[in-house]
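The values are calculated or read from the model by the stated rules, or taken from the named source; none is laboratory data. The shown structure was predicted, so the numbers you read here are calculated from the model rather than taken from an experiment. Ideal geometry is used to build each Cβ from the backbone, glycine not excepted, and the neighbour counts take in all protein chains shown. These accessible areas exclude ligands, DNA and RNA; they are computed on the full protein's heavy atoms, side chains included. Shrake-Rupley method; radii C 1.70, N 1.55, O 1.52, S 1.80 Å.
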Amino acid sequence: MAAPLGCWIPLDAWGFPMTRPMLLTLGHGYSAAALASSLGPGWERFGTTRSAARAVEMRAAGVTPLDWADRAAVDTAVAQATHVLVSLAPEGPEDPTLARHGPALAARKPDWIGYLSTTGVYGDRAGGWVTEDDAPHPINARSRWRVAAERAWLEAGLRVEVFRLAGIYGPGRSAFDRLREGRAPRIVKPGQVFSRIHVEDIARSLAAAIARPEPAAVWNVADDLPAPPQDVIAFAAELLGIAVPPDTPFETADLSPMARSFYAESKRVSNARLRDRLGVDLQFPDYRAGLRGILAAGG
């Protein structure tokens, strides 16, 4: 999939890079794609992927794909980027993106870098509320690596903002899809609540931060209504006009170790800073509005 990056970088008539803003997404996944598609026509968009099939989809969406395996090509893109979104998760104590492209980023010093993290860094709060002022308390290795990655990015001497994302859903990744595929049991664990965020509101939050950069800021990106997971499944089933799946006690539920680990944490994530300081007005302030929106759009 790799190709010479020089033929992709837009140049002016004198051979110099064009001055239009350029977004580079390091890890062009679900949330990154939503941000890229939300930007205006004046933007250049580049993103990394490991998949040839994904590269075809990116081109169709107006995003120039870069092969993540081609380190030199990615470094060349970093040297041109005005804005960078990092959405690759660490797979160990060291953040892979900063370790590999930190020198190129330090040389370029983009106007804005967004690092996508997770509200999992807060650990279990027994259903209580958490804000960005609460110290992380990770309870598993994945979240400990996230905390280390956040710290590394914030201490890298770059214009970085950290976005702690709640449970992501949206078109193609919602309770509707799980119900249609027959894999949406209503798992009940007394007192369990999760916070969520629609992917379009992630894009909206990132775009607001790009417009009003605040280096070293940390933002919780979550909607207004933390809720038990069984309530979301029941509401989606009602919207589809199908039978609500029966309750399944958590203790007897057939869950993978990964899925079961999510139920070890229960918390309500506050978005007050996102709303009050960044001025984000959520399009889908709760899961009911989000699911209705997906269904209305044909999802």
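Structure summary
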quantity: Residue among 133, 111, 124 that is closer than 23 Å to residue 211 by Cα, open to solvent by 10 Å² or more (accessible area, probe 1.4 Å) and out of contact with any Phe, Trp or Tyr (no Cβ under 6 Å at 6 or more places or on another chain); calculated: 111
quantity: When residues of segment 261-299 are limited to those that are touching a Pro at 6+ places or on another chain (Cβ under 6 Å) and not in a loop (DSSP other than H, G, I, E, B), the one most open to solvent (accessible area, probe 1.4 Å); calculated: 268
quantity: Any chance residue 225 is open to solvent by 40 Å² or more (accessible area, probe 1.4 Å) and over 21 Å from the mean Cα position of the chain (by Cα); calculated: no
quantity: Filter pass, residue 149 being farther than 17 Å from residue 167 by Cα, in contact with an Asp or Glu (Cβ under 8 Å, 6 or more places away or on another chain) and open to solvent by less than 30 Å² (accessible area, probe 1.4 Å); calculated: yes
quantity: Selected residue (criterion: nearest to the chain's Cα centre (by Cα)) from residues of segment 206-222 that are open to solvent by less than 10 Å² (accessible area, probe 1.4 Å) and over 19 Å from residue 173 (Cα atoms); calculated: 206
quantity: Among (1) more than 26 Å from residue 91 (Cβ to Cβ); (2) open to solvent by less than 50 Å² (accessible area, probe 1.4 Å); (3) out of contact with any helix residue (DSSP H, G or I) (no Cβ under 9 Å at 6 or more places or on another chain), the one test that residue 193 misses; calculated: (3)
quantity: Flag if residue 240 is under 26 Å from residue 122 (Cβ atoms), aliphatic (A, V, I, L, M) and open to solvent by less than 80 Å² (accessible area, probe 1.4 Å); calculated: no
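Residues checked against (1) part of a strand (DSSP E or B); (2) touching a residue at least 40 places away in the same chain (Cβ under 8 Å); (3) not hydroxyl-bearing (Ser, Thr, Tyr):
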{"position": "92", "(1), (2), (3)": "no, yes, yes"}
{"position": "98", "(1), (2), (3)": "no, yes, yes"}
{"position": "102", "(1), (2), (3)": "no, yes, yes"}
{"position": "107", "(1), (2), (3)": "no, no, yes"}
{"position": "116", "(1), (2), (3)": "yes, yes, yes"}
{"position": "136", "(1), (2), (3)": "no, no, yes"}
{"position": "151", "(1), (2), (3)": "no, no, yes"}
{"position": "163", "(1), (2), (3)": "yes, yes, yes"}
